[in-house]
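The values are calculated or read from the model by the stated rules, or taken from the named source; none is laboratory data. Computed from a predicted structure; not experimentally measured. Heads up, the Cβs are rebuilt from the backbone with ideal geometry, glycines too, and the neighbour counts pull from every protein chain shown. Note: accessible area is taken over every heavy atom of the protein model, side chains too, but ligands, DNA and RNA are not part of it. Shrake-Rupley method; radii C 1.70, N 1.55, O 1.52, S 1.80 Å.
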Amino acid sequence: MALSEFESKRCERVVAQYVERKRPPVSLRSEVDLSFRVLGQSVEIFEVRPHWQDRSKRIEVPVAKATFNRTGAGWKVFWRMSDLKWHTYQPAPQVKTIEEFLALVEQDTHACFHG
C-alpha cells in the first residue's frame, strides 16, 4: 500500500532537508549533485552527474532506497550493488522511520551507499 498524502509530504520534507545538507557546494553541482524522488511507497536518493560520453546529458547514479512496508510498520532499506540491482542492506534490513533510514545512509559504516 502506498504512503498516504500526509505521509508522502512529510517524507518529502524530511528527505529534502537531508539532501540539501549533503549537496556539494554550488560551484561543483554541474559535475555532481545529490537529489531524491518519492514514488509510491519508495524513496530513492541518487547522484546526478554528466554522462561520461556526452556531457550534455545527465545521468542518475543510485545511492540508497527505502520502501515503506505498512504491514511490517517500517521501511525496508536497499543499496545498489555492482550488478545494478537493489539488495537488502543486511546490517539493518528494516528501520522504523525515514529518519533512521537517513541516519544509516549518513553513517554508511559498510561503505555500501557512497562506496
Hits in region 68-115 - residues which are among the aliphatic types (A, V, I, L, M) and at pLDDT 95 or above: V77, V95, I98, L102, A103, L104, V105
If you take the residues in region 7-33 that are in a helix (DSSP H, G or I) and small (G, A, S), which one is surrounded by the fewest Cβ atoms within 10 Å (Cβ to Cβ)? S27
Where residues in region 62-113 are of a type in the set (S, T, Y) and within 15 Å of C11 (Cα to Cα), which of them is nearest to the chain's Cα centre (by Cα)? T67
Which of the residues spanning region 34-91 are under 23 Å from R23 (Cβ atoms), among the polar types (S, T, N, Q) and not in a strand (DSSP E or B)? S56
Here the qualifying pairs (Cβ atoms under 8 Å; residues six or more apart or on different chains; first in region 55-77 and over 19 Å from A92 (Cβ atoms) and without any contact (Cβ under 8 Å) to a residue 40 or more places away in the chain; second of a type in the set (D, E, K, R) and in a strand (DSSP E or B)) come out as R58/R49; I59/R49; E60/E47; V61/E47; V61/R49
For residues that are in contact with a strand residue (DSSP E or B) (Cβ under 6 Å, 6 or more places away or on another chain), open to solvent by 50 Å² or more (accessible area, probe 1.4 Å) and either β-branched (V, I, T) or more than 16 Å from L28 (Cβ to Cβ) (or both), tally how many sit in region 38-58. 1
